[in-house]
Amino acid sequence: MKPTETFQRADKTGIRYVLTDIDDTLTVSGRLPAVVFTAMEALQHAGIRVIPITGRPAGWCDHIARMWPVDGLVGENGAFYFCYDDREKKMNRRYWKTKEERRIDRTRLDAIRKKVLSAIPGCAVAADQAYREADLAIDFREDVPALPMSSVQAIKAIFEAAGATAKISSIHVNGWFGDYDKLSMSRLMFKDVFKEDMDAVRDHVIFCGDSPNDAPMFHFFPHSVGVANVRAFEAQLETPPTWVTRSDGGYGFAEMVKVLLDR
């Protein structure tokens, strides 16, 4: 991973989209520093679209799409995208699976929840679970004392033994039924909302993240950036980011934006 200062001017001038994880990429100790909103606004003022790509729930994503300086977002690790049309005063939503499919999945996820809570001491259902529409989030360090990675991997294994997809973020293990992820829903969003083929424009995109569930995005985008705390997961990353910031979380994101806009 190279320091962000080595990002070449010729590459920077072509960037038209910044995609970013939220937890521990935009946040620091669970909070959003003011510099993050300033950085996102600076990107928009420069004509660069800002799109969070997060594991956070639908309820939070509705708020983010309406009230943050963003151009839409992907939520629940690819279960949907939301994009708010300011002129029409309308939220545009697209889900990977139908409402009925999500209802059936919820029953299966409830069974997994019981197994996980019984088998792994110290974990808990994530506090934001009530606002989720498609997945189950198990907390291993947000509102509970941090669990060892062996316990986190055991949670993931229980999901997978039941036929679910499971991804480890910096705070949760998220599990769902379906063949989607952050990257696949991002492709749909680019096609539907921005009328772009993501394969054709990936050299014009930066993705910023911090944890193993960002690995598909790190792999796909040549201009991928990890905030400094990504180093804690370096051994677990199938594909590391191309660049890494000097600062953690949201301060690292703001650092990356400053480098990008310094043309």
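The values are calculated or read from the model by the stated rules, or taken from the named source; none is laboratory data. Remember, it's a predicted structure, so these values are computed and weren't measured experimentally. Virtual Cβ from ideal backbone geometry, glycine too; neighbours counted across all protein chains shown. With ligands, DNA and RNA removed, areas are computed over all heavy atoms of the protein, side chains included. Shrake-Rupley method; radii C 1.70, N 1.55, O 1.52, S 1.80 Å.
Things worth noting here:
- With respect to the stated conditions, P216 fails to be open to solvent by 30 Å² or more (accessible area, probe 1.4 Å), on the phi < 0 side of the Ramachandran plot and part of a loop (DSSP other than H, G, I, E, B).
- Residue selected from region 46-57 under the condition outside any loop (DSSP other than H, G, I, E, B) and out of contact with any helix residue (DSSP H, G or I) (no Cβ under 6 Å at 6 or more places or on another chain), by the criterion surrounded by the fewest Cβ atoms within 10 Å (Cβ to Cβ): R49
- Contact map, region 238-263: first residue free of Cβ contacts under 8 Å to residues at least 24 places away in the same chain, second residue of a type in the set (A, V, I, L, M) and assigned to a loop (DSSP other than H, G, I, E, B), Cβ cut-off under 9 Å, separation 6 or more or different chains; pairs are S247/V227.
- The single residue among P69, P3, P52 that is touching an Asp or Glu at 6+ places or on another chain (Cβ under 6 Å), touching a residue at least 24 places away in the same chain (Cβ under 8 Å) and of a type outside the set (A, V, I, L, M) turns out to be P69.
- The single residue among R94, R108 that is in contact (Cβ under 8 Å) with a residue 60 or more places away in the chain and part of a helix (DSSP H, G or I) turns out to be R108.
- The listed residue being surrounded by 18 or more Cβ atoms within 10 Å (Cβ to Cβ) and at positive phi, out of G72, G122: G72
- Of the criteria (1) basic (K, R); (2) in contact with a strand residue (DSSP E or B) (Cβ under 7 Å, 6 or more places away or on another chain); (3) open to solvent by 30 Å² or more (accessible area, probe 1.4 Å), which one K182 fails: (3)
- Residue match in region 162-171 (condition: crowded, with 18+ Cβ neighbours inside 10 Å, within 18 Å of the chain's Cα centre (by Cα), modelled with pLDDT of 95 or more and part of a helix (DSSP H, G or I)): no
- Residue in region 176-192 that is nearest to A162 (Cα to Cα), counting only those that are in a loop (DSSP other than H, G, I, E, B) and touching a residue at least 60 places away in the same chain (Cβ under 8 Å): F177
- Residue match in region 34-45 (condition: out of contact with any strand residue (DSSP E or B) (no Cβ under 8 Å at 6 or more places or on another chain), assigned to a loop (DSSP other than H, G, I, E, B) and of a type in the set (S, T, Y)): no
- Scan of region 185-213 for residues that are of a type in the set (K, R) and either at positive phi or open to solvent by less than 10 Å² (accessible area, probe 1.4 Å) (or both), ordered by number: K195
- Where R102 falls short, out of the listed (1) buried (at least 20 other Cβ atoms within 10 Å of the Cβ); (2) assigned to a loop (DSSP other than H, G, I, E, B); (3) charged (D, E, K, R): (2)
- Region 9-24, subset over 15 Å from the mean Cα position of the chain (by Cα) and part of a loop (DSSP other than H, G, I, E, B), residue surrounded by the most Cβ atoms within 10 Å (Cβ to Cβ): I15
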